[in-house]
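The values are calculated or read from the model by the stated rules, or taken from the named source; none is laboratory data. Because the structure is predicted, anything quoted here is derived from the model rather than measured. Positions of Cβ are backbone-derived with ideal geometry, glycine not excepted, and every protein chain shown enters the neighbour counts. Remember, those area values only see protein heavy atoms, side chains included, never the ligands or the DNA or RNA. Shrake-Rupley method; radii C 1.70, N 1.55, O 1.52, S 1.80 Å.
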Amino acid sequence: MVPEAKDDPKESKKDKADSSDSASKSLVGMIMGNSSAEDNSAVVVDTETLVAQTQDRLWRALKRRYQYDSSLKLGQEYLLSHVSSKIPLVIMYADLLGSTNMSMTLPVDKLVTIIRAFTQEMSSVIESHHGYVLKYVGDAVIAFFPASYNRLSACDRAVQCARSMITVVKNGINPILNQYDYPELGVKIGMDIGDNVIVQYGHDKSSPIDILGYCMNVAAKITSLTGPNRILIGQDVYDMLHPSVKSKFKEMKFGAEEWKYRDRVTDKIYRVYALVENK
């Protein structure tokens, strides 16, 4: 039997906002990169607003007063103009943690609602940072950030986006799940930047479009090595970051069996860096 909520989350919204204030404010007002006509990168993303909106939508969804809806239209439309070409993109994987435990303890309808909430709230954060959702694979979200115009800005925005995603899970989604005694969620995020081939599986404009390339494989592997609520990035992303952001990362050391990817230019072992928030 599904437990009833202990409190109405709307009544305690101010308390939740206060509890998440310190984590959120560290992200608010962080302006990444240089402005441009293409990506409008100099945008202040209000993470407190993202958290509040997430709580409201999830609370209503669990009460059957709101239905999440997904669409890959924006990402597909962007890629359509680049079909059969190679373009630079930041590729991001965001994997949900905790779904296996929930699948054994929650009714199917509640589990589906929470999975939908995770994928859609992560998508909302991605779009707010001028990224695009490529596709959903199980309980993972794969996204991309165009980098043709300004690679530095794309990398900075992708990292800022990843930090916001973790904040939304920890301060937006989990407090609502706690109200229902549901297990908390976690997310692990990995990313890399590189040239990718855009492939359309068909001849008409409505045919699915996908991304192929070494960068996709590297980002997927990086994510598999990431811990709960952690962010790992490839060397090429790290090199593009602003010094103030770069200082928050430390190089990871993996065994030869764990990590075999090599730098595409130097042929040396490709370096991976982890965000350390308390640095």
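Overview of results
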{"quantity": "Over the stretch 164-275, equivalent-ellipsoid semi-axes from the Cα gyration tensor in Å", "calculated": "28, 24, 14"}
{"quantity": "Sites THR105 and THR266 - FRET efficiency at Förster radius 51 Å, r taken between beta-carbons, to 0.05", "calculated": "0.60"}
{"quantity": "Above-threshold pairs, the threshold being 22 Å between Cα atoms, out of LYS86/LYS135; LYS63/LYS110; LYS63/LYS188; LYS135/LYS268; LYS110/LYS221; LYS170/LYS253", "calculated": "LYS63/LYS188; LYS135/LYS268; LYS110/LYS221; LYS170/LYS253"}
{"quantity": "Percent carbon-and-sulfur accessible area, the stretch 188-233, ignoring ligands, DNA and RNA, probe 1.4 Å", "calculated": "56 percent"}
{"quantity": "Cleavage-rule hits, GluC sites (Glu not before Pro), the stretch 172-279, DSSP coil, Cβ neighbours within 10 Å at most 12", "calculated": "GLU257, GLU258, GLU277"}
{"quantity": "Per-peptide average of other Cβ atoms within 10 Å, ordering 161-174, 90-103 highest first", "calculated": "161-174, 90-103"}
{"quantity": "For the stretch 74-133, average projected area of the Cα convex hull in nm²", "calculated": "5.4 nm²"}
{"quantity": "For the stretch 54-196, the spread of Cα positions along each principal axis, largest first, Å", "calculated": "47, 25, 24"}
{"quantity": "Sequence-separation-based contact order of the stretch 193-279, relative, with Cα cut under 8 Å and 6+ spacing, percent", "calculated": "26 percent"}
{"quantity": "Sparse-neighbourhood loop sites, chymotrypsin sites (Phe, Trp or Tyr not before Pro) in the stretch 147-216 - DSSP loop, at most 11 other Cβ within 10 angstrom", "calculated": "TYR201"}
{"quantity": "Cα centroid separation - the stretch 112-184 against the stretch 192-239, whole Å", "calculated": "15 Å"}
{"quantity": "Relative contact order %, the stretch 87-201, counting alpha carbon pairs below 8 Å whose residues are six or more apart", "calculated": "44 percent"}
{"quantity": "Accessible area (Å², 1.4 Å probe, nearest 10) - ARG151", "calculated": "90 Å²"}
{"quantity": "Estimated FRET transfer efficiency when R0 is 30 angstrom, pair GLU127-TYR201 (beta carbons, to 0.05)", "calculated": "0.80"}
{"quantity": "Distant alpha-carbon pairs in the stretch 70-109 (separation over 15 angstrom), percent", "calculated": "66 percent"}
{"quantity": "Leading residue at positive end of dipole, the stretch 121-279 (Cβ point charges), from PRO175, ASN196, VAL237", "calculated": "VAL237"}
{"quantity": "D_trans [Stokes-Einstein, Kirkwood Rh over alpha-carbon pairs] for the stretch 234-279, 25 °C, 0.890 mPa s, µm² s⁻¹", "calculated": "214 µm²/s"}
